[in-house]
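K.L.:
Here it is, the structure in full.
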Amino acid sequence: MCGIVGYKLFSKNTTSAGENLELAVQTIAKRGPDTFGIYSANKDIGLGHTRLSILDTSANGDQPMSDPSGRYTLIFNGEIYNHLDLKSLIKGTSLKSSSDTEVLLHLLVSHGISCLDKLNGFFALAFYDKETDTLILARDRMGIKPLLYYSDKDQFIFGSEMKALLSFPIKKTINQQALYWYLKLNYLPGNLSLLNGFAKLDPGHYLTIQGAKVEKHPFVHPKKEPITPSDYDSSQSALVRLLDQAVQKRLMSDVPLGSFLSGGTDSSVVVALASRHTTQLSTFSIGYREHSFFDETEYAELVAKKFNTDHTTFSLTNDDLLNDLDEIVSYIDEPFADSSAIPTYILSKYTSQHVKVALSGDGADELFGGYYKHLALHKALGSGLSNVVIKALHPLISGFPKSRSNSISNLIRRLDRFGQMLKLDPVERYWFLASLTNNPSDLIKSSIPDSDISGLKNNFLNSDPDLNDYLKVDQQIVLPGDMLTKVDLMSMSNSLEVRVPFLDKNVVDFARSLPSDYKIKGNERKRILQDAFKDILPNEIYQRPKKGFEVPMLHWMRNELLSELDNTLFLEDILEEQNLFVTKKVMLLRKQLLSSNPGDVHGTIWALYIFQKWYKNYFL
């Protein structure tokens, strides 16, 4: 796991960016504190790398890495789990290391971009051919690793994090369409960036930069014939086998390795399978002493005991959580407002004191239908009696207090959203349930054309979606934009590599081939995953409601964080001067926050707060 950054200059009049490259590498040093390196064939090209040494920790694995001829150079962030198998494609090549980087370099030299679809792992890479002056960038098929870039008529700049790109002299202006989607979702979907001229490389795509010409292409192509799943029982067996192989591959490491363990099904499955292949597995979880509604450590400890892991629980107080807030917010270099980044950061921080690599259960919900919104969307496609009853009772339900702070008010909140969702067409239902702010235009001064909003939506959903279509959108938007961004930022800020077995190439292809009723049937979410491991996991984890990786944000905002919000966000003079938001609407959010019926307002407030902190760090 590492960080990459680089540039290619198009104009002879452009100032050399060499000094900026050194600064850019320093900004992402936490991604790879072990070694760093810079390559520059001439003043028009520069590649920088900072390394977290996992495989072959010797200097033989350092980057930038060039082939013996010096013609080709690679910088690479990620892991290729099948690199030993891929050695057969470069027979006769003399390797000086046992790293996956060197195998990948020679694959690119001998096979070009056609090798990308053969890679099973996660990566963001830049590959330079000095003879043809061609730069190739590529990002893994699921978007596990980030890759951002900026391009204008004079230059092309790329990197693992926005802060690296901003080390170069680039004019910064707000992308108003991206601001709309950020406030709607609390993260940025697709390839959007909040700054004009910036973009994210789409998962499963590569860029070629030759001269001043930049072209983007997919390297992942849909299978012509869909896989026909076997019967349900056989599919369960196949899922266990594929996941077991995926976990085993991700135990490959030359440094200490462990696993996150929340006590939910997904991380418990990963731990159960990992324990088959190692007798020295360390597991880690966090809990909240003062907020039992959000605490799941008792279930994590049951799983750890069953599989005999070396388990550590980090039991946190409000002060523990809030003490790291400034550091967390400061590391966010492009607005990202999923508040579960806070516990992810803290779990990564404590885990990194014990191991250098951690397995995670991320991705299972998006593949197999694990969220309440998936159940709601599935039910809305039917014509059951419950839909009729909730639709009829919705005016009454909507009048009750709603929040995420306890089980009753959270149930009312979900029923209210389900009732609202039933009134919408199948496409708009998805966007309604995916959104925390249903109408961000009320908050933004600039008018966003309806065609821009519908244009993005139409890229992802057809007019007659089924459950698998909804899940595919989550895999294209929620995973790379939210879940994987969160894990990458928060783990890398603590120099910890996180591996996600559920997003193994073979597991993903298999999950996508399954019919909807293998994933959700009745009220059972992630049906096949739950059933496949029922004889393996403790019964207790099946007898409790699903909880997200959440923090008591509403409580904080009404108490410990209120003065910080008042000093950062709820400032009429600053809002007017900024001229981005409707001041009156923003100030009304404070009133709703302190009311008896806050709903999900804390999500919108958190998004605005994160934006203001980012704006102060990068614009003022």
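K.L.:
Size of the range 234-359 along its principal axes in angstrom, Cα-based, largest extent first?
P.N.:
Computed over the Cα atoms, the extents are 46, 31, 29 Å.
K.L.:
Expressed in whole Å with the largest first, what are the equivalent ellipsoid semi-axes of the range 418-534 derived from the C-alpha gyration tensor as the square root of 5 times each eigenvalue? All intermediate terms of the calculation are to be shown ahead of the outcome.
P.N.:
Numbers: eigenvalues 159, 104, 36 Å².
In descending order, the three semi-axes are 28, 23, 13 Å.
K.L.:
Pop out the carbon and sulfur fraction of the accessible area of the range 477-588 as a percent, whole number, probe 1.4 Å. Numbers along the way, then the final one.
P.N.:
Working: 1930 of 4300 Å².
With neighbouring chains kept in place, the figure for the range 477-588 is 45 percent.
K.L.:
Still on this structure, I have one more. Over the range 236-383, what is the relative contact order in percent, taking alpha-carbon pairs closer than 8 angstrom and at least six residues apart? The partial results should precede the final answer.
P.N.:
Values: 169 pairs, mean separation 41.2, N = 148.
So the answer I get is 28 percent.
K.L.:
Here is a further query. With viscosity set to 0.692 mPa s at 37 °C, what whole-number translational diffusion coefficient in µm²/s follows for the range 1-126 from Stokes-Einstein and a Kirkwood radius over Cα pairs?
P.N.:
Working: Rh = 15.1 Å.
The Stokes-Einstein estimate is 217 µm²/s.
K.L.:
Could you work out how much longer the chain between Asn539 and Lys305 gets when fully extended? Use 0.36 nm per residue separation minus the Cα distance between them, nm to one decimal. Intermediate values should be presented prior to the final figure.
P.N.:
Details: separation 234, 0.36 × 234 = 84.24 nm, distance 1.33 nm.
Extra length from Asn539 to Lys305 when fully extended: 82.9 nm.
K.L.:
Another one. Can you give me the P(r) profile for the range 298-348? Cα pairs, bins 5 angstrom wide beginning at 0, each as a whole percent.
P.N.:
The percentages, shortest bin first, are 4, 16, 24, 17, 14, 12, 9, 4, 0.
K.L.:
A further question follows. If you line up the Cα atoms of the chain on their principal axes, what length do they span on each, largest first, in Å?
P.N.:
74, 61, 48
K.L.:
Label point 7 Å out from His354 along Cα-to-Cβ: which residues of the range 236-267 have amide N under 19 Å?
P.N.:
Only 251-267 pass the distance filter.
K.L.:
If you take the Cα Rg of the range 3-61 and divide it by 2.2 N^0.38 Å, with N the number of residues, what do you get?
P.N.:
Working: Rg = 12.8 Å, N = 59, 2.2 N^0.38 = 10.4 Å.
Relative to the 2.2 N^0.38 Å estimate, the range 3-61 comes out at 1.24.
K.L.:
Same structure again: Show which aspartates and glutamates lie in cross-link reach of Lys163 when reach means a straight Cα distance below 17 angstrom and same-chain residues fewer than eight apart are skipped.
P.N.:
Glu19, Glu22, Asp326, Glu327, Asp333, Glu334, Asp488
K.L.:
Over the chain, what relative contact order in percent results from Cα pairs under 8 Å that are six or more residues apart? Show your work: numbers first, answer last.
P.N.:
Working: 1094 pairs, mean separation 97.6, N = 620.
Relative contact order, the chain: 16 percent.
K.L.:
Tell me the net charge near Pro465. Cut-off is 12 Å between Cβ atoms, Pro465 excluded, with +1 for each Lys or Arg and -1 for each Asp or Glu. Walk me through the intermediate numbers first.
P.N.:
Details: positive: Arg429, Lys457, Lys472; negative: Asp425, Glu428, Asp464, Asp466, Asp469, Asp474.
Net local charge, Pro465 excluded: -3.
K.L.:
If I take the Cα coordinates of the range 141-294 and project them onto the principal axes, what are the three extents in Å, biggest first?
P.N.:
54, 52, 37
K.L.:
Can you tell me the accessible area per residue over the range 117-217, all protein chains present, probe 1.4 angstrom, in square angstrom?
P.N.:
For the range 117-217, the per-residue accessible area is 29 Å².
K.L.:
Keeping every protein chain present and rolling a 1.4 Å probe, give me the accessible area per residue for the range 439-548 in Å².
P.N.:
Numbers: 4160 Å² over 110 residues.
Normalised by residue count, the accessible surface of the range 439-548 is 38 Å².
K.L.:
Still on this structure: Can you tell me the equivalent ellipsoid semi-axes for the range 508-620? Use √(5λ) from the Cα gyration tensor, largest first, whole Å.
P.N.:
On the way: eigenvalues 359, 64, 36 Å².
The equivalent ellipsoid of the range 508-620 has semi-axes of 42, 18, 13 Å.
The values are calculated or read from the model by the stated rules, or taken from the named source; none is laboratory data. For clarity, every value in this text was computed on a predicted model and none was experimentally measured. All Cβ positions, even for glycine, are placed from backbone atoms using ideal geometry, and neighbour counts span all protein chains on display. Just so you know, the surface numbers come from the protein's heavy atoms only, side chains and all, with ligands and any DNA or RNA stripped out. Shrake-Rupley method; radii C 1.70, N 1.55, O 1.52, S 1.80 Å.
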